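The values are calculated or read from the model by the stated rules, or taken from the named source; none is laboratory data. This structure is a prediction, so every number in the text was calculated from the model and none was measured. Using ideal geometry, Cβ is built from the backbone for each residue, glycine included, and neighbour counts are taken over all protein chains shown.
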Amino acid sequence: RHLKPVAAAVAQSYPTTHEKIAKVENTPYFLNNQFVQSKTDKYIDLPDPATNNLVTRVPQMTDAEMEAAVESAELAFKSWKNTTVLHRQQIMFRFVQLIKDNMDRLAASITLEQGKTFADAKGDVLRGLQVAEAAVGAPELLKGEVLEVAKDMETRSYREPLGVVAAICPFNFPAMIPLWCIPIATITGNTLILKPSERDPGAAMILSELVQQAGFPDGVVNVIHGAHRTVDFILDAPAIKAISFVGGNKAGEYIFSRGSANGKRVQANLGAKNHAAVLPDANKNHFINSVVGAAFGAAGQRCMALSTLVMVGETKEWLPEIAERARALQVNGGFEEGADLGPVISKQSLERIEHLISTAEKEGATILLDGRGQAPAKYPDGNWIGPTIITNVTPEMTCYKEEIFGPVLVCLNVETIDDAIELINNNEYGNGTAIFTRSGSTAETFRRNIEAGQIGINVPIPVPLPMFSFTGNKKSIAGGGASTFYGRPGINFYTQLKTVTALWQSADAVAKKASVHMPTLQ
Ligand code: NAD
């Protein structure tokens, strides 16, 4: 019942049960392809969200240790940047295979530390794996351009690595988000300092082991731990040229402004409040399955969760059936057979979600389905909340304005598709949205007029595959969305464009007088 330990140096083994761990080990950091125990005296306890039993302690690393990680990445960059992209591609092929071979270990660590079900955790790994798979196409994406700009002159462009880059990750996708960064940052010739979420770094530690096995040279990927202090260290380290951040608005807006003020490139994907609009002509059964899966899957802790339902016209009459299907979902420990949703990440998160539900009650909404207090008998001490549906919500209510990040679906009624578009566009977030309709022209009107990064047409969670890019909008992405993760924009983020103009022979080579004028076109 226990999967193999990550490596001798990673003392942590990943059980496939929620049983109490007899001997709790501290999470090591990863430096020069070695797992190292921090010398700090400050640790962050990491409890299993299903039981609140201690799983590991995550170090708040010392400044000296974090500096050593940056120095190692700087040193590694000197030779890594001079490797050919074909060499890096071979390492990436091995990394891809190793992720596939270790899918179950990665998923088990996610279920244990993050809480999502084992089946869903495999999806977390898969969506990251796909970014690594797409990254092997980098030789094509790194090609520059060349143009003969005059009869004796040509201009070429090159994409060169930036140097040491850093990634700061959230808790909700412990494998996928590190894998949005590791493959693209490294295949483009950068070296990477990765800071996983202090709430679930286990998957990143297994990925570190795979980095080593795949043949990445020492220091190309280093993993450091900690919370705000570690983030501040990254923001201020002069050697770090770029930062990739995924997480909430409070941290992300701070990181974007302080990182940018320090002259770094920053890409930052932030919070969300994703709306689904449903039209009376939609396929009702497909819609109900879609919204229930997308609102409550992963206990609503996906940045692309459909947390807000905009019911156009008589679709409000479908609410009892939505509630019935949501009620049938099984809330249980993520390793349990048949579990549909696991616990939320922490006691604090549970309290915040319950508080937001109580504000809805006070502000006049109806709790159609109440998941509060729904602990499975086997796990009384976890952070449990079942599917919750709040109806008769209006845009002024707190539960509408704030990102809940739990298994809570907030429902509003409108009369027309235009009302739905206006409502959605008035919301300050713009990560993703979906429309359910059989009408091509209604879908097209929605697509043209909606202000959101990812749009699903009869698709509940339209996260783009890695040959595209993850495109947020409005408050869901910092810097107006100028830089997005993976795909061609991801390659662009991690590379510096260099443009070279060369003159190989010229009539001027024999002229006796220098020209002082700007050249004119011939
Ligand atoms: P978070 O912002 O609390 O934490 C993210 C990272 O920032 C962590 O590594 C954490 O250590 C650090 N951090 C947290 N608070 C900080 C602070 N005040 N100063 C400096 N660093 C800080 O996010 P989370 O709770 O781990 O993740 C959930 C959030 O992430 C949700 O808002 C969700 O919508 C968002 N998210 C967005 C996307 C996207 O692509 N738009 C994807 C996944 C998650």
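Within segment 328-352, residues that are buried (at least 24 other Cβ atoms within 10 Å of the Cβ) and modelled with pLDDT of 95 or more sit with their Cβ atoms under 7 Å from residues that are outside any loop (DSSP other than H, G, I, E, B) and not aliphatic (A, V, I, L, M), at 6+ positions apart or across chains, in these pairs: G334/T111; G334/F118; L341/F296; L341/G297. For M304, the conditions (1) more than 28 Å from E422 (Cβ to Cβ); (2) in a loop (DSSP other than H, G, I, E, B); (3) out of contact with any Leu (no Cβ under 9 Å at 6 or more places or on another chain); (4) not basic (K, R) are fulfilled apart from (1). Would you be able to say whether some residue in segment 490-505 is surrounded by 15 or more Cβ atoms within 10 Å (Cβ to Cβ) and within 16 Å of the ligand (Cβ to nearest atom)? Yes, that holds for at least one residue.
Of everything listed in (1) assigned to a loop (DSSP other than H, G, I, E, B); (2) at pLDDT 95 or above, the single unmet condition for H18 is (2).
Residues in segment 223-233 that are near the ligand (Cβ under 10 Å from one of its atoms) and surrounded by fewer than 24 Cβ atoms within 10 Å (Cβ to Cβ): 6 in all.
Picking from residues in segment 236-267 that are more than 8 Å from the ligand (Cβ to nearest atom) and in a helix (DSSP H, G or I), the one that is surrounded by the most Cβ atoms within 10 Å (Cβ to Cβ) is G259.
Would you confirm whether or not segment 344-362 contains a residue that is part of a loop (DSSP other than H, G, I, E, B), of a type in the set (S, T, Y) and either over 24 Å from the mean Cα position of the chain (by Cα) or on the phi < 0 side of the Ramachandran plot (or both)? Checking segment 344-362: at least one residue is part of a loop (DSSP other than H, G, I, E, B), of a type in the set (S, T, Y) and either over 24 Å from the mean Cα position of the chain (by Cα) or on the phi < 0 side of the Ramachandran plot (or both). Is it the case that segment 106-125 has a residue that's surrounded by fewer than 24 Cβ atoms within 10 Å (Cβ to Cβ), under 30 Å from R302 (Cα atoms), more than 19 Å from the chain's Cα centre (by Cα) and not β-branched (V, I, T)? Scanning segment 106-125, I find no residue that is surrounded by fewer than 24 Cβ atoms within 10 Å (Cβ to Cβ), under 30 Å from R302 (Cα atoms), more than 19 Å from the chain's Cα centre (by Cα) and not β-branched (V, I, T), so the answer is no.
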